[in-house]
Amino acid sequence: TASGGCQKIRGAQLQELLESKHDVLFDCDGVIWNGETAVAGAPDVVRALKQRGKRVFFVTNNCTRPRQSYVQKFARLGFVDVDEKEIFSSAYCSAAYLRDMATFSGKVFAIGCPGVHTELRDAGITVVEEEEDGPDVNISNCALDPDVRAVLVGYDEKFSFMKLAKACCYLQDSECLFLATDPDPWHPLRGGRITPGSGSLTAALETASSRKATVIGKPSRFMFECIASRFDLDPESSLMVGDRLETDIVFGVNCGLSTVLTLTGVSTFEQAQVYKDSDEPEKKDFVPDYVVESIADFLEALEE
Ligand code: PLP
Ligand code: CA
């Protein structure tokens, strides 16, 4: 096989690749759906893979929903057979990281959407309640909770100067953990707009605290370990399918998986080739093994 070969495949070659793998990990946005629209054929691909005895997992850096809400989204978009246990989001894995860390006890100050707060609570972790600050409250007199032992940053449409200020106060204690759900810089919205991602908020807090966050989401290996600890997973027989070179493909390379870039999302074939042709050796981690136009191409390969 072509490791880091950036090879466009379909038909018989794709069939051969799929036959050689037992587990398929799919990124979500840009791979199986775009916002609220399923990628054409994606529900059939998931069904066909399962019919052939493959296991399918969903690995998303989107921390905004709890797992149960993803189950509903899958059903709404026509995926009839997706189980909560197959879904690994950066919010769920961040909560699992804190829960399973033997040395962690205390409260978490979380910057993030309700999805982050729900996953933390479901994992039995105490989250500092967000209070509406009164008119006389400012950055020098706001209350800080003395039991906070971790700060977790994720996508937050209600991000504020006050949250940033509180978080960097907590991080002055070097014993306080600093976690980020994911490093995503931005995400495409409809109509050509973009929204800043968790990574941009994390960068603000890294600057304010002079510290570096531990990233839980892709490209960090932790999400793969999270799946592997629940399901017996062999990297050699697993395939990572993603649309973003800097997160999904690097994740696959970091975990020793074969990688497929699909062109229904953020990254282009040309960008993959720029990484491939680069003289800098570390850029090779951004090069997928294979490239498909869409995961709909899997269907043809599975039917042949
Ligand atoms: N985080 C947020 C807030 C998003 O809106 C998205 C995509 O829409 C993502 C992360 C990326 O998700 P994925 O890893 O499934 O591409
Ligand atoms: Ca994606």
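The values are calculated or read from the model by the stated rules, or taken from the named source; none is laboratory data. Predicted, not measured: the structure shown is a model, and the values here were computed from it. Positions of Cβ are backbone-derived with ideal geometry, glycine not excepted, and every protein chain shown enters the neighbour counts. Protein only, heavy atoms only, side chains kept; ligands, DNA and RNA dropped before computing areas. Shrake-Rupley method; radii C 1.70, N 1.55, O 1.52, S 1.80 Å.
Points worth noting:
- Scan segment 273-304 for residues that are within 22 Å of Cys255 (Cα to Cα) and either touching a His at 6+ places or on another chain (Cβ under 8 Å) or of a type in the set (Asp, Glu) (or both) and the total you get is 4.
Residue-wise test of (1) hydroxyl-bearing (Ser, Thr, Tyr); (2) within 16 Å of ligand 1 (Cβ to nearest atom); (3) free of Cβ contacts under 8 Å to residues at least 40 places away in the same chain.
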{"residue": "Lys21", "(1), (2), (3)": "no, no, no"}
{"residue": "Arg67", "(1), (2), (3)": "no, yes, no"}
{"residue": "Asp83", "(1), (2), (3)": "no, no, yes"}
{"residue": "Ala91", "(1), (2), (3)": "no, yes, no"}
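- Segment 256-274, subset without any contact (Cβ under 8 Å) to a residue 60 or more places away in the chain and open to solvent by 10 Å² or more (accessible area, probe 1.4 Å), residue nearest to ligand 2 (Cβ to nearest atom): Leu263
- Subset of segment 43-65 [β-branched (Val, Ile, Thr) and within 13 Å of ligand 1 (Cβ to nearest atom)]: Val59, Thr60, Thr64
- Count of segment 113-155 residues which are open to solvent by 90 Å² or more (accessible area, probe 1.4 Å), within 12 Å of Ala95 (Cα to Cα) and in contact (Cβ under 8 Å) with a residue 24 or more places away in the chain: 1
- Hits in segment 158-201 - residues which are open to solvent by 60 Å² or more (accessible area, probe 1.4 Å) and touching a Ser or Thr at 6+ places or on another chain (Cβ under 8 Å): Gln172, Pro185, Trp186, Leu189
- Where a residue in segment 230-253 is in contact (Cβ under 8 Å) with a residue 40 or more places away in the chain and its partner, wherever it lies, is among the aromatic types (Phe, Trp, Tyr) and within 13 Å of ligand 2 (Cβ to nearest atom), with Cβ under 6 Å and at least six apart: Val241/Phe26
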